[in-house]
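Here the structure is laid out as structure tokens; the discussion comes afterwards.
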Amino acid sequence: MPDTLISILSENLPGVVRWAGAIARQLRGHDIAVSGKKSGFADSDALTLADLTVQELLVAALRDMGPVVRQCRIEAEEVTGDLGRFADRGEWVLAIDPIDGTRQYRDRTGNGYSVMLHARTPDTVRYSLVYLPEDGPQGTWLEARDDRIVLGPDDPDRPALSVLNALPPVGADRRRRNRRILVSGFLGEDEERAHAVSAAGLEGVRGAQTGGSLFPLMAAGELGGALFHTPNVYDFPVSLHLARLLGGDAVWVHDGRPVDFRGLWLDERTNMLRLRGIIACAHDRAVLATLVDLARGWSPERYR
């Protein structure tokens, strides 16, 4: 199943994700904010009609890709779509974040939002696809599979799959050591934790300071990684995937053990599945060791 599944996804998803991105780009010009999430945290509570519409489209497309895809479980940030057509147990998971960066998308404060999906097992991520509809003149693609990462501009004059297949792999020159580290998820303490990362000899930055989405910046070598508190399973696994393909890893800081997906936690405040504790993710293992030493004693509890 693994090779067949990855082949089906890589051949069929790019066109669907490009359509989804076009819908998101068009809807953004309208008043599309939706209420309903009441966790009390602005980033988690941001919700728009685009989130719901894009997820509906992605789930329907996955459903129609056939029985191999429907044997996977679905983990989706929203509750819309024909989710009941997919397996309710099994090792393979398809995780969807229909609009990553919803608050920025909704408030029109930047163009770093994306449509993203990944496929994973309990041990690791096997396929990741990220499309940023308004990054660059025509949008930007990021795909990770097997031992290959591609990153580059879209070209609507050509089929999406053809564009992706023609992009050159991220080369060794991009896998350089970078000391800029995103710090995210430390509720009310991101700035303090970012300063601590900088004091440890790295450069801690918060989301608004990165200059774009984590994923293409990390793939391009413009961010060295991230330090996350209890990240969700809809977007974080893509950074784990990139780190491992770039020669690094994602580990729990309390013991340095590589991250897996066997022990998830349902955060009822945000209705999101999360990994427990603090996770360091970097493509340079020396940077990873510094982050582990720094954050080992920090509280793993999200809500205190």
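The values are calculated or read from the model by the stated rules, or taken from the named source; none is laboratory data. For clarity, every value in this text was computed on a predicted model and none was experimentally measured. For neighbour counting, all protein chains shown are included, and Cβ atoms are generated from backbone atoms with ideal geometry for every residue, glycine included. Just the protein is used for accessible areas: all its heavy atoms, side chains included, with ligands, DNA and RNA removed. Shrake-Rupley method; radii C 1.70, N 1.55, O 1.52, S 1.80 Å.
Being more than 19 Å from the chain's Cα centre (by Cα) and open to solvent by 50 Å² or more (accessible area, probe 1.4 Å) is the filter here; which residues of segment 54-81 pass it?
Selection gives Arg63, Asp64, Pro67, Arg70, Gln71.
Please determine whether any residue of segment 202-211 is among the basic types (Lys, Arg), open to solvent by less than 40 Å² (accessible area, probe 1.4 Å) and at pLDDT below 95.
Scanning segment 202-211, I find no residue that is among the basic types (Lys, Arg), open to solvent by less than 40 Å² (accessible area, probe 1.4 Å) and at pLDDT below 95, so the answer is no.
Could you check Arg89 against (1) outside any strand (DSSP E or B); (2) closer than 26 Å to Leu167 by Cβ and say which number it fails?
So the condition that Arg89 fails would be (2).
Those residues that are modelled with pLDDT under 95, under 24 Å from Asp293 (Cβ atoms) and crowded, with 21+ Cβ neighbours inside 10 Å, I need them from segment 166-183; list them, please.
Asn178
Among residues belonging to segment 187-209 that are free of Cβ contacts under 8 Å to residues at least 60 places away in the same chain, part of a loop (DSSP other than H, G, I, E, B) and of a type outside the set (Asp, Glu), point out the one that is farthest from Leu245 (Cα to Cα). Walk me through how you get there before you give the answer.
Of the residues in segment 187-209, the ones free of Cβ contacts under 8 Å to residues at least 60 places away in the same chain are 188-192, 194-195, 198-199, 203-209.
Restricting the remaining residues to those that are part of a loop (DSSP other than H, G, I, E, B) gives 188-189, 206.
Those still in the list that are of a type outside the set (Asp, Glu) too: 188, 206.
Values: Gly188: 32, Arg206: 24 Å.
That would be Gly188.
Looking for whichever is modelled with pLDDT under 65, surrounded by 15 or more Cβ atoms within 10 Å (Cβ to Cβ), under 19 Å from the mean Cα position of the chain (by Cα) and among the aliphatic types (A, V, I, L, M) here; the options are Ala20, Ala46, Ala50. Which one fits? Spell out how you get there, then give the answer.
On the way: Ala20 fails: modelled with pLDDT under 65; Ala50 fails: modelled with pLDDT under 65.
Of the residues listed, the single one that is modelled with pLDDT under 65, surrounded by 15 or more Cβ atoms within 10 Å (Cβ to Cβ), under 19 Å from the mean Cα position of the chain (by Cα) and among the aliphatic types (A, V, I, L, M) is Ala46.
Whether any residue in segment 103-113 is under 30 Å from Leu202 (Cβ atoms) and assigned to a strand (DSSP E or B) is what I want to check.
Step one: filter segment 103-113 for residues under 30 Å from Leu202 (Cβ atoms), giving 103-105, 107, 109-113.
Remaining after also requiring assigned to a strand (DSSP E or B): none.
Within segment 103-113, not a single residue is under 30 Å from Leu202 (Cβ atoms) and assigned to a strand (DSSP E or B).
Could you say whether any residue in segment 77-97 is aliphatic (A, V, I, L, M), at pLDDT below 95, out of contact with any helix residue (DSSP H, G or I) (no Cβ under 6 Å at 6 or more places or on another chain) and closer than 28 Å to Gly185 by Cβ? Break it down stepwise before answering.
Our first condition is that a residue be aliphatic (A, V, I, L, M); within segment 77-97, this holds for 79, 83, 87, 93-96.
Now restrict to residues that are at pLDDT below 95: 79, 83.
Those left that are additionally out of contact with any helix residue (DSSP H, G or I) (no Cβ under 6 Å at 6 or more places or on another chain): 79, 83.
If we keep only those that are closer than 28 Å to Gly185 by Cβ as well, we get 79, 83.
Yes, there is a match, as at least one residue in segment 77-97 is aliphatic (A, V, I, L, M), at pLDDT below 95, out of contact with any helix residue (DSSP H, G or I) (no Cβ under 6 Å at 6 or more places or on another chain) and closer than 28 Å to Gly185 by Cβ.
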